[in-house]
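Below you'll find the structure, written out as C-alpha cells, and then a few comments.
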Amino acid sequence: MTKEELERRCAEMRARYAASRSGAPPTTILVKSRAATKRLLPHPVAPVASESDFKLERPHPLVRASQTGLRNVHVEYDSLLAIAGPGRLDLKVSRIALPRALWIMDRFIKQFQAEGLQVESNDRSTSVIVEGQAIPIRIRESVTRVENEKPMGAEVYSWNRYAYIPTGVLTFHVLNEWGSARKYSDSVRSRLEDKFESVLNGIRGECARIRRREEEQRAREIIQRFEVRAEAARERDRLDIRARTESLLADVENWHASQRIRAYLGEFRATFEKWSGPIDSKSEVGKWLRWANQYADSLDPLCPNR
C-alpha cells in the first residue's frame, strides 16, 4: 500500500466514525504494508477539522506566540511541527492538527487560571505552577509509520525507508523527571478537550507526588543527620574506652616495672654491702641508688609521691 492509499484509507475511516460520541467502538481495520500488517484505528471521535472549526478568541499570550512565526518552526522527520521554544508552548503536531492543539491549550490555560494556577514557558518547556511547583506539560500527535516502496536499484537507508503519517490523535502529557508521568488522549468515546478535570487531577496528583518526595527527602536527611551524630557519639565512646584501656594497661606495665626495679635495687644493695660494706649516701653508688628509687617511684602509679 502506498502512502497516498494509506492516507485515503485513514480519511475514510475518520469520516465513517465521526458522527457519534456515544456509539460503539469502531471495528479495528487491518491495513497491510511492506513492513507488516498494521492495525489502524480511525480518529477516535472526529476527523481532523479545519482551522475555522477552532477559532481562538482573545488567546493567551503563549498561544498567540505559538500561533505566529511558524515559518521558523522546524519540521521533524515524522512530519510534525516542533513548536516548543522560548515564550511558546511545548507542542509537536502536524499543521492540520495545530489549530485544534492551540485551541485545546488556550482552553486549558484559561481553566487553569480560573483554578488559580499559572502557566509559564521557558526555553523548550511549558509548565503549570502548582503551589510553587513547576509541572511540565505538552501535547503530542501520534503518527503511523509505513514502509516506503523501494524504487528499482535505489539504496535504502534508515532516513528514507519509512514514511510517517500524522493520525490527528492528540495526547496531553503531564511530565516528571523521568518522562511522561500521566497521559490523556483522544479516545473512542471522548475528546481530549473534554478531559480537563482528569488533566487537572493528574497535575495535582503529580504535585502531591513531588511534595511527598520532598517530605521523604527531608525525612531521610533528618534521619541521616541523626545517624551521623549518633555514630560520632559512638565513635567518641569507643575512643574514650580505648584511651582508658590503654592508660590502664600502661599503669599496670609501669607498676610491674617499678616493682622489678625496686626488687633489683634491693638485691643490688644487699650484694654490694656484703662485699664492700655499708653504702655511703654521698658516694656515687649512694647517689645512683637514690636516683634509681626516685625513678621507680615515678613509674609507680600507686606511689603517693608521684
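The values are calculated or read from the model by the stated rules, or taken from the named source; none is laboratory data. What you see is a predicted model; the values in this text were computed from it and never measured. Methodologically, a virtual Cβ is constructed for each residue, glycine included, from the backbone with ideal geometry; neighbour enumeration extends over all protein chains shown. Areas reflect the complete protein model, heavy atoms only, side chains present, ligands, DNA and RNA absent. Shrake-Rupley method; radii C 1.70, N 1.55, O 1.52, S 1.80 Å.
Set side by side, the residues Ile129, Ile109 differ, and just one is closer than 17 Å to Ala65 by Cα, out of contact with any Ser or Thr (no Cβ under 6 Å at 6 or more places or on another chain) and either open to solvent by 80 Å² or more (accessible area, probe 1.4 Å) or touching a residue at least 12 places away in the same chain (Cβ under 8 Å) (or both), which is Ile109.
If you check Leu91, Leu62, Leu70, Leu56 for being open to solvent by less than 10 Å² (accessible area, probe 1.4 Å) and of a type outside the set (Lys, Arg), only one passes: Leu91.
Look at segment 285-304: where a residue is among the aliphatic types (A, V, I, L, M) and a partner is open to solvent by 60 Å² or more (accessible area, probe 1.4 Å), sitting 6+ places away or on another chain with Cβ atoms under 7 Å, you get Val285/Phe272; Leu289/Arg269; Ala296/Arg262; Leu302/Trp255. Taking the condition in contact (Cβ under 8 Å) with a residue 40 or more places away in the chain and either hydroxyl-bearing (Ser, Thr, Tyr) or open to solvent by 90 Å² or more (accessible area, probe 1.4 Å) (or both), does Ser180 pass? Taking the combined requirement at face value, the residue does not satisfy it.
Applying a threshold of 9 Å to beta carbon distances and a minimum spacing of six or more residues, or different chains, the list of pairs starting in segment 160-175 at a residue that is more than 13 Å from Ala101 (Cβ to Cβ) and ending at one that is of a type in the set (Phe, Trp, Tyr) and at pLDDT 90 or above reads Val174/Tyr184.
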